[in-house]
1. Looking only at segment 31-80, filter to residues that are among the polar types (S, T, N, Q) and surrounded by 15 or more Cβ atoms within 10 Å (Cβ to Cβ); which one of those is nearest to residue 4 (Cα to Cα)?
2. Taking the stated definitions as given, is residue 65 touching a Pro at 6+ places or on another chain (Cβ under 7 Å) and either aromatic (Phe, Trp, Tyr) or under 15 Å from residue 19 (Cβ atoms) (or both)?
3. Out of the residues in segment 1-30 that are surrounded by fewer than 21 Cβ atoms within 10 Å (Cβ to Cβ) and among the hydroxyl-bearing types (Ser, Thr, Tyr), state the one that is modelled with the lowest pLDDT.
4. Might you check whether a residue that is in contact with a Phe, Trp or Tyr (Cβ under 8 Å, 6 or more places away or on another chain), in a helix (DSSP H, G or I) and at pLDDT 95 or above occurs anywhere in segment 56-66?
5. Could you please tell me which pairs satisfy a Cβ distance under 6 Å, a separation of 6+ or placement on different chains, a first residue in segment 5-18 that is closer than 11 Å to residue 38 by Cβ, and a second residue that is open to solvent by 60 Å² or more (accessible area, probe 1.4 Å) and not in a loop (DSSP other than H, G, I, E, B)?
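The values are calculated or read from the model by the stated rules, or taken from the named source; none is laboratory data. Since the structure is predicted, the reported quantities are computational estimates derived from the model, not experimental observations. With ideal geometry, Cβ positions are generated from the backbone for all residues, glycine too; neighbour counts draw on all protein chains shown. The protein model used for the area step is the full one, side chains on, heavy atoms only, and it has no ligands, DNA or RNA in it. Shrake-Rupley method; radii C 1.70, N 1.55, O 1.52, S 1.80 Å.
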Amino acid sequence: PLFRITIPSKTQASMAAAKPLLMAVAGDAAELVRRSGAGLTAQPDNAPEIARAIMEMARLSPERLREMGSRGRSFYLQEMSMEVGIGRYEQLFQSVIAVAKRSGEAVSNGPGLVP
């Protein structure tokens with residue numbers, strides 16, 4: 001059940017390394033693979049479905065596998081990289097500071113915070 005709402009860290013590492021993915025997962029991780037075009041998914045705990053996905057991936061051309069890997073890397077760089085994550089947190093913190101200032105709450109300009 002936990003993997004329905006989380007993404008295994010090796011997924012991100014494989015995407016960053018431009019490796020095509022074959023994952024037997026549901027939920028957020030499966031959606032990530034589908035959205036990115038980085039590979040194939042199968043239903044977890046379903047041996048025939050996993051076998052089908054393995055056979056499908058085995059039949060793909062080297063060019064198609066490289067394309068999946070490239071799509072995964074591009075998606076990782078645009079959506080999941082450390083730089084992107086830091087930028088999103090910074091935007092979140094800045095919006096919280098702006099709301100606090102508008103409401104008249106005291107705001108500390110601690111290290112790294114822009115007034």
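1. Only one residue fits best here, namely 43.
2. In short, yes.
3. Checking each candidate, the answer is 6.
4. The answer is no, given that none of the residues of segment 56-66 is in contact with a Phe, Trp or Tyr (Cβ under 8 Å, 6 or more places away or on another chain), in a helix (DSSP H, G or I) and at pLDDT 95 or above.
5. The qualifying pairs are 18/70; 18/73.
Residue-wise test of (1) at pLDDT below 75; (2) of a type outside the set (A, V, I, L, M, F, W, C).
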position	(1), (2)
88	no, yes
98	no, no
104	no, yes
107	yes, no
112	yes, yes
115	yes, yes
